[in-house]
Amino acid sequence: MAGTLFTKIINREIPADIVYEDELSLAFRDINPQAPVHLLIIPKQEIPTINDIELNDRELVGHLFLVAKKLATEMGFAEDGYRVVMNCNESAGQTVFHIHLHLLAGKTLGWPPYTDRAKV
Ligand code: AMP
């Protein structure tokens, strides 16, 4: 698989503001933050979309949520509240085809979370 720019971040081929790493995952600050805290939590394994997640990946996907909880706790906003989001494919706005949890915090987040976009 050719990989996306997230593979280049994992391999340190392009810079990122990395806040956490373990053997399975990496977390870094989103380059275009939508909240005071906007992190991306990614598996090191290349999985393009939610549709590509297999049964064997369930521990890995669960791990991403545990990393989200750990970072929320350590960064001090777990009790206040935060949101995790994973977009799947074009209509949801996925632009990087390597699954990632968005972790958003640091302000009162609106609901519903979206604004409709024109189909292009
Ligand atoms: P999505 O639209 O759900 O696929 O999310 C992709 C996210 O990656 C967007 O929020 C982008 O701002 C973010 N992004 C794109 N390039 C970079 C980069 N080089 N470093 C950090 N975040 C990035």
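Every test in (1) surrounded by fewer than 17 Cβ atoms within 10 Å (Cβ to Cβ); (2) away from the ligand (no atom under 14 Å from the Cβ) is passed by TYR82 save one, and that test is (1).
Note on region 75-120: residues that are assigned to a loop (DSSP other than H, G, I, E, B), out of contact with any strand residue (DSSP E or B) (no Cβ under 8 Å at 6 or more places or on another chain) and among the hydrophobic types (A, V, I, L, M, F, W, C) total 7.
Residues in region 7-37 that are outside any loop (DSSP other than H, G, I, E, B) and within 12 Å of the ligand (Cβ to nearest atom): THR7, LYS8, ILE9, ILE10, ILE18, VAL19, LEU26, ALA27, PHE28, ARG29.
On inspection, HIS63 passes the criterion of being within 20 Å of GLU21 (Cβ to Cβ), more than 14 Å from the ligand (Cβ to nearest atom) and surrounded by 12 or more Cβ atoms within 10 Å (Cβ to Cβ). The conditions of being free of Cβ contacts under 8 Å to residues at least 24 places away in the same chain and either in contact with an Asp or Glu (Cβ under 8 Å, 6 or more places away or on another chain) or within 16 Å of the ligand (Cβ to nearest atom) (or both) are met by ASP116.
Only the coordinates and a few stated rules stand behind these numbers; no lab work does. As the structure is a prediction and not an experimental result, all values here were calculated from the model. Don't worry about glycine lacking a Cβ; one is built from the backbone with ideal geometry, like all the others, and counts go over all protein chains shown.
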